[in-house]
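Here's the structure we're looking at; comments come further down.
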Amino acid sequence: MNFSFVYGYIFLALSVSCNAYKIGAIFREREDAHLEAALRYTVEWLSQRGIYGDIDLVIEYIDVLDHYDAIKKACKMLEKDHIVALLGGSHGALNAQLERITDDLDIPFLTAIDDLRTDMGKSKIDFWPRPQLFEAVVDMFTHWKWNRVVLVYEDDERIRRLEQLLESEEYASIRFYLIKVHNGDYMRAARQVKELEECRLLHRKDCSEFSRLLVDMNPEHTYNFLLASLQMGLIELKHWFLLTNMELSTMDMELFRYNHARFISPYPVDSTFLTENRDAFNFSHFKEHVSEKWAMKTDNSRNLKMMEAVFTFDAVYAFANVFNELSSHMQMNDVPQTLCRKSTRNSRKYQHGRSLIDNIVHNDLHGLSGDLRRLNGHPLKSNFSMRIHLLGYSGRLDDCHSYDLDHTWHCLIDSSYCRRLTFHTKNFRLLFV
């Protein structure tokens, strides 16, 4: 028997059946600790399932925001380590520099952060549900008949993102009062809200509506503002705080939960995914892992963004599924010949990059954050929904509603308080279960 032929055949069979590929990331060790923890956890979870091939991680770190060093390391990963996808970090400007490379080389660039830039290139695949969050917030205004909203923010870029809300004729019935936190002076911002509430400048008949606040800040800044609001007497029975960071379940709310104010936040984690994967995926363990790594790297910073970790899970999960699917009818194991552009040569694109990007965008997957068909930019082609978290009278965090983008609200718990919140509306169809 020709054993060399047999061994050669076995080696060929193994090499074809085993999909091995590398995913790269460039992180700041402290600020991106939650993303790295989610990335490592997801790759380990996918590997244990045994159906997604061999996934190797190539992670490079930068100490400061050195864009040149980041680009240099990205090109090294592409040319020497042969990565086939790049995961972005938590700094939008740095991601924009890396995106220029991935656009040129057709490398999938996966991002999971609340990037204030809204423009999209050819390779960036953004898993943060920005349009869906915006629509959910607007519909909550309508749902609870909020005619006056105090918008508290710290970053000017956030206001630019909300231009559609502030300027559109469609929302002309909602009057917004903007309060900016200057130089970290949260007490001053809280005092300005208090002055609105006390009607120093307006007719007293309008006063009752200045207790509705839209807080558009990251978790740490939101906590600081709530602490100042507590000191200013703004966290009482009549006050509503709608948080856009989607981190109500993650933030430390111990100081605020028993003051009877209502704190509301959209929550994108999908209960269907958790139910269908309850024997394979432990979400509590995932959150504990991310929280522990974050606390260790950041000295227990309050700015943990667990939802960015959730979207990182979905980014890697979607990529692994698409790569595995394409491998069933394409030869994906050939070594990438990717080259960055230099003064002495042209760039060379990743041969399968465009197929991967297109198939990720036009996927048919259901991830930890729900329907990932939302990536295609056409809301009608997906069935994306968000749950609504409420911290209210009881001091307990309630999973009060789910919200579909067909403007249907579903009550998830048999709570008379939740019913009182919503029963008066005629704008939505309510389903009580």
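Every number in this text was worked out from the coordinates using simple rules, so none of it is lab data. Just so it is clear, the structure is predicted and the values come from calculations on it, not from any experiment. FYI the Cβ positions are ideal-geometry reconstructions off the backbone, even for glycines, and counts take in every protein chain you see.
Along the stretch 281-293, what does the Karplus equation 6.51 cos²θ - 1.76 cosθ + 1.60 (θ = phi - 60°) give for ³J(HN,Hα), rounded to whole Hz, x for Gly and Pro?
Residue by residue, the stretch 281-293 yields 10, 9, 5, 4, 5, 4, 5, 5, 4, 5, 4, 5, 5 Hz.
How much length is gained on full extension from Tyr177 to Arg396, taking 0.36 nm per residue of separation minus their Cα-Cα distance?
75.9 nm
Quick one: which residues, 5+ away or cross-chain, put their amide H under 5 Å from the amide H of Gly367? H built at 1.01 Å from N.
Counting only residues 5 or more places away or on other chains, the set is Leu372.
Please identify the trypsin sites (Lys or Arg not before Pro) of the stretch 64-110 that satisfy two criteria: DSSP loop assignment and at most 11 other Cβ atoms within 10 Å. Which are they?
On the way: sites: Lys72, Lys73, Lys76, Lys80, Arg100; in loops: Lys80.
Sparse-neighbourhood loop trypsin sites (Lys or Arg not before Pro): Lys80.
Residues of the stretch 95-109 with amide nitrogen under 20 Å from the 7 Å Cα-to-Cβ point of Arg354?
99-109
Return His239, His67 ranked ascending by Cβ neighbour count within 10 Å, so the fewest neighbours appear first. Let's see the in-between values first.
Numbers: His239 20, His67 15.
Taking fewest neighbouring Cβ atoms as first place, the list is His67, His239.
Which shape class, rounded, prolate or oblate, goes with the stretch 127-270 when its Cα gyration tensor gives a ≥ b ≥ c as root eigenvalues, a/c under 1.5 marks rounded, and past that a/b bigger than b/c marks prolate?
Rounded is the answer for the stretch 127-270, as its axis ratio a/c remains below 1.5.
Fewest to most neighbouring Cβ within 10 Å: what's the order for Ile159, Ile388?
Least to most surrounded, the residues fall as Ile159, Ile388.
Please list, ordered by chain and number, the residues whose modelled amide H lies under 5 Å from the amide H of Val58; skip anything fewer than 5 residues away on the same chain.
Amide H to amide H, under 5 Å and 5 or more residues apart or across chains, Val58 pairs with Ile23, Gly24, Ala25.
Quick query: amide H of Glu154 versus all other amide H atoms, modeled in the peptide plane; which residues come in under 5 Å with a sequence gap of 5 or more or a different chain?
Val181
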